[in-house]
1. Residues Leu201, Leu181: which one is touching a helix residue (DSSP H, G or I) at 6+ places or on another chain (Cβ under 9 Å) and surrounded by fewer than 16 Cβ atoms within 10 Å (Cβ to Cβ)?
2. Just for the stretch 40-58: of the residues that are in a helix (DSSP H, G or I) and in contact (Cβ under 8 Å) with a residue 24 or more places away in the chain, which one is farthest from Leu16 (Cα to Cα)?
3. Inspect all residues belonging to the stretch 95-118 and state whether any of them is at pLDDT 85 or above, surrounded by 15 or more Cβ atoms within 10 Å (Cβ to Cβ) and of a type in the set (D, E, K, R).
4. Please list, ordered by first then second residue, the pairs with beta carbon atoms under 7 Å, 6 or more apart or interchain, first in the stretch 1-28 and free of Cβ contacts under 8 Å to residues at least 24 places away in the same chain, second in a loop (DSSP other than H, G, I, E, B).
5. Restricting to the stretch 260-294, name every residue that is in a helix (DSSP H, G or I) and either aromatic (Phe, Trp, Tyr) or outside the structural domain of Leu149 (by TED's automatic domain parsing) (or both).
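The values are calculated or read from the model by the stated rules, or taken from the named source; none is laboratory data. All values reported here derive from a predicted model rather than from experimental measurement. Neighbour counts run over all protein chains shown; Cβ positions are idealised from the backbone, glycine included.
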Amino acid sequence: MDLKTKILVIDDDKVLGKTLKIVLSMHGYDVCYANSGSSGIQKAFEYKPDLILCDVKMGSVNGYRVYNFLKDSSILDAVPFIFITACNEPKDFRIGMDLGADDYITKPFANEELIKTIEKRLTKYNKLKETRKQEFNSLFNLTPNGIILFDEHLIYNVNSALLQSLSLVNDDLKSFSVENLFDQASYKKIKDKIVRCANGLLDSFSENVFIVPKVGDKFEVSLYVTVYEKKFGSSMLIGFIILDIKKNRDNFNKPESGIFSKREYQVLCLSMEGLSIKMIADKLSISSRTVENHRENLMKKTNSNNMIGVITFALKNNLLSF
């Protein structure tokens, strides 16, 4: 059974809100309605929508505040955000678009206009999701660092770089647990953080730990963990394992190439490790939107359509020493 596309409607006009829910449900969408900005923020985290429709003028938490609150979280990482407003002055449109909203719908509007706008934004969103999926799959196989998909107890997949470092083959994963991956002291240090991430109490964490290969001595790595996918109240986690800490540190502090700025080079290195946009932003103490801007600049400078193209360009031109 195919899962329905989820739309969150945030509007303090209860009549309009319930009407929108009925109209959108009739067009095959799964709809969640919140009647205030504050409850809308809460619902966004619980419901994980594919698109958000939000009124501008509500109570103390208006649409702009809702957007500003959500944009710094993982909720609005590419999820379309459409403002609904009775305002039609240019300054009101400009505020919303400057914030980064995807579109505006002005009241009153026809149902056909609403559905057309939603379909247009969802089409763009789905294309972006597919591009990111392809980018992730390529990084999963291309990066020389380790990537692991796991939950509180079980390991579901690791990339070839980590398999090789652990002297494992895919069949070994059937009997390999998260606890087996690390030495006892390291697992004790990160166990509680893994549990908290899996249960939605922590977004991400990083630690230097020791991993234990099937053959040979344990060795130190840098581990970055974040939520990969949420399902049925728990989370699948993804871990990025920097296998050569010194080499990574040398790369990260490498002088400017002449093509990329220092910050662009840092974003490139962290992207090469497989880190998400939010994790890159946290590590560099900048916003996710700034990371996006640096990634766009990298693609423009290398005439690439995605970050895989940028990485390939950098490798071919010896701009990365991996």
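1. Result of the check over Leu201, Leu181: Leu201.
2. Looking at the filtered set, the residue picked out is Phe45.
3. Checked the stretch 95-118: no residue is at pLDDT 85 or above, surrounded by 15 or more Cβ atoms within 10 Å (Cβ to Cβ) and of a type in the set (D, E, K, R).
4. Lys14/Asn35; Gly17/Asp11; Gly17/Asn35
5. Correct list: Tyr265 only.
This table checks each residue for (1) basic (Lys, Arg); (2) under 30 Å from Phe313 (Cβ atoms); (3) at pLDDT 75 or above.
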{"site": "Phe205", "(1), (2), (3)": "no, no, yes"}
{"site": "Val212", "(1), (2), (3)": "no, no, yes"}
{"site": "Phe232", "(1), (2), (3)": "no, no, no"}
{"site": "Lys246", "(1), (2), (3)": "yes, yes, no"}
{"site": "Asn251", "(1), (2), (3)": "no, yes, no"}
{"site": "Glu264", "(1), (2), (3)": "no, yes, yes"}
